[in-house]
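*Asks:* I have a structure I would like to understand better, so I am pasting it below and will then ask my questions one at a time.
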Amino acid sequence: MDLLDTLTAKGLRGEVPTREEALAVLATTDDELLDVVAAAGKVRRRWFGRRVKLNYLVNLKSGLCPEDCSYCSQRLGSKAEILKYTWLKPEQAADAARAGVAGGAKRVCLVASGRGPTDRDIDRVTDTMAAIKDADPEVEICVCLGLLSDNQAERLKAAGADAYNHNLNTSESTYGDITTTHTYADRVDTVQKAHGAGLSACSGLIAGMGESDEDLVDVVFALRELGSDSVPVNFLIPFEGTPLAQEWNLTPQRCLRILAMVRFVNPDTEVRIAGGREVHLRSMQPLGLHVANSIFLGDYLTSEGQAGQADLDMIKDAGFEVEGAGEATLPRHRADVAAASGCGSAASGCGTSTPAASGCGSAASACGSGGGCGPCGGHGHAEPVATAVATETATESADGLRSDLVKVRRRGAGTELAPNA
C-alpha cells in the first residue's frame, strides 16, 4: 500500500505525516489492519527498539470532583460506585509506589482528583515525592494534579518531579461538549506551564467519546505541536453512573488504528496504551505493543486492570522486554535536549536505534514520559474499605454493551488490600 510505505518512510526519518495521511490510517479496513500494525511497528522499533516502559499509578485522592468532565467516574454528580478517600499519607503512597516499582515500573504517576492543587496540596505532594525517592532515588515521578497556577510547576520541579501529566483529551472544537467547568485553553495553559518549568510534558487523549476521525487527528496534531514527550492514549471506560456510560463505540481493530495513527504522527515520542486497554483491546493487547512502547502496570485510578503478572507475561510472550531504570526512554536527539535542561533521568542512547540528525519535529526540552490521567475526582471522604469485588457476568446485553468488562478498583491505594502490581 502506497500510504503505508509513505508513512513508514516518514516515520523512520522522524518526519510527521500530513493530516490527510493521518485520516487515511483511521479509514483503513480490517483486511488492512495487520499491514497497518506492521508499518507502525517498524517506526516504533526504529526509535524504541523492543523496549516497553512500565508506569504505575497511585491515586492520592479519589472521588467527588467539582469538575463536570463527562467521561470521569469522579466527576461532579457521578453515581459510579468508586472508592472515595482524602489525601493518602506520604508513607501510604510510598508503600503503593514501592509495589509498582517492585513489579518493574520505571515511573510512578501520582494523581489527585480536583480542579487543581492548592499550595498546601503542593506541599503534600512534595512530602510524598520525598518519601518515594527516599526508598528509590532512581524512580521517575510524574505528577497529575489538574490545572496549575503560576509557580506551582516550578515548585514541583524543585521538589524532584520529573514530569507533569495533563491531557487535552479531545479536539478544541468539541471540548465544550464533554466539559463545561473549564476550557480547552485552560488545559493547554497547564501543559505549557509544566513544560516551561522544565518538567517533561505528558499529555494525551481519550478515544471513544463519540468523536469523529477529524477530532482524533486534530488532538493528536495539537499534542505534537505542544511538544509532548509522552502521549497516553486512553480508551473510554464507560462507567455506569456517568453521562458517557452508553458510549461503547470502540472495537479492538479501531483501537489499533488509533494507536497506529498516533505513532505515525509522533514517531519519536513515547506512546502509551493507557486506561481502557483491557476493556477495548482485550485479546489483541499484544498487537498494541508493536505500536506503543509504554503501558501502565496493574490497576488504574478507579478501575482495575489485568493482573500485573499477566502484563509482564504478555510483554515477554510478545517478544518484548521491560525497559530498565538505567535506559533512556526517548531517542538520543530528544534525550540530549532533556538532559541539558536537567530534567529527570534522561540518559543518552535509544536502544537499538540510530537517531536521525534532523526532521524530528518539535523535540521538547523535557524528558521521559508521564501518566495517562487527567484532573478528575477530588475532595472525597473516607469510605469503609471493600473486602471483595462484586461478581460480574460475562454475557453481552441485548444492546451490545459490555459493562461487565468495567471493574471498579477495590484494592491498592486507599484500601487495606494489596495493590495489583
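*Asks:* Just subtract the alpha-carbon distance of Q192 and E32 from 0.36 nm times their residue separation and send over the number in nm, one decimal. Mind dumping the intermediate values first?
*Replies:* On the way: separation 160, 0.36 × 160 = 57.60 nm, distance 3.77 nm.
Taking 0.36 nm per residue and subtracting the Cα distance, the gain is 53.8 nm.
*Asks:* Also, quick follow-up: Taking a threshold of 29 Å on the Cα-Cα distance, which of the pairs K42/K133; K10/K407; K42/K316; K79/K157; K79/K316 fall above it?
*Replies:* Listed pairs above 29 Å: K42/K133; K10/K407; K79/K157; K79/K316.
*Asks:* Compute the distance from the alpha-carbon center of region 73-133 to that of region 147-200, in whole Å.
*Replies:* A separation of 17 Å, based on Cα centres.
*Asks:* Could you bin all the Cα-Cα distances of region 1-119 into 5 Å bins starting at 0 and give me the percent of pairs in each, rounded to whole numbers?
*Replies:* 2, 9, 13, 12, 10, 10, 11, 15, 12, 5, 1, 0
*Asks:* If you average over every viewing direction, what projected area does the convex hull of the Cα atoms of region 252-343 give, in nm²? Walk me through the numbers before you get to the answer.
*Replies:* Working: hull surface 27.5 nm².
Its Cα hull, projected and averaged over all orientations, spans 6.9 nm².
*Asks:* Continuing with the same structure: From the P(r) of region 66-172, can you give the percent of Cα pairs sitting at distances over 23 Å? Let's see the in-between values first.
*Replies:* Working: 1841 of 5671 pairs.
For region 66-172, the fraction of Cα-Cα distances above 23 Å is 32 percent.
*Asks:* Right, next: Students sometimes get this wrong: rank M314, M129 by accessible area, probe 1.4 Å, all chains present, largest first. Let's see the in-between values first.
*Replies:* Working: M314 25, M129 0 Å².
Correct descending sequence by accessible area is M314, M129.
*Asks:* When only DSSP loop residues count, what chymotrypsin sites (Phe, Trp or Tyr not before Pro) in region 34-99 have their Cβ near at most 15 other Cβ atoms within 10 Å?
*Replies:* Working: sites: W47, F48, Y56, Y71, Y85, W87; in loops: Y71, W87.
Passing sites in region 34-99 do not exist.
*Asks:* Roughly what would the spin-label model give for L23 and N151, points 7 Å off Cα along C-beta, in nm?
*Replies:* 4.7
*Asks:* Explain nothing, just compute: Karplus ³J(HN,Hα) = 6.51 cos²θ - 1.76 cosθ + 1.60, θ = phi - 60°, for every residue of region 56-65 in order, whole Hz, x for Gly and Pro.
*Replies:* Karplus values, whole Hz, x for Gly and Pro: 10, 8, 10, 8, 6, 7, 9, x, 6, 7.
*Asks:* Report the FRET efficiency, 1/(1 + (r/R0)^6), for A185 and E240, where r is their Cβ-Cβ distance and R0 is 41 Å, rounded to 0.05. Please report the intermediate quantities before stating the final value.
*Replies:* Details: r = 31 Å, r/R0 = 0.77.
With a Förster radius of 41 Å, E is 0.85.
*Asks:* Tell me, how many Å apart are the Cα centres for region 18-59 and for region 230-252?
*Replies:* 19
*Asks:* Now for a separate question. Karplus couplings for region 112-126 from phi (6.51 cos²θ - 1.76 cosθ + 1.60, θ = phi - 60°), rounded to Hz, Gly and Pro as x?
*Replies:* My calculation for region 112-126 gives 9, 6, x, 5, x, x, 7, 4, 5, 4, 4, 4, 4, 5, 4 Hz in order.
*Asks:* For region 10-77, restrict the atom set to alpha-carbon positions and state the Rg and Dmax in Å.
*Replies:* 18.8, 48
*Asks:* On to the next question. Regarding region 279-322, what are the three Cα extents along the principal axes, ordered largest first, in Å?
*Replies:* Result, largest extent first: 30, 19, 16 Å.
The values are calculated or read from the model by the stated rules, or taken from the named source; none is laboratory data. Since the model is a prediction, treat every value here as computed from it, not as a measurement. Ideal geometry is used to build each Cβ from the backbone, glycine not excepted, and the neighbour counts take in all protein chains shown. Keep in mind that these areas ignore ligands, DNA and RNA; they rest on the heavy atoms of the full protein, side chains included. Shrake-Rupley method; radii C 1.70, N 1.55, O 1.52, S 1.80 Å.
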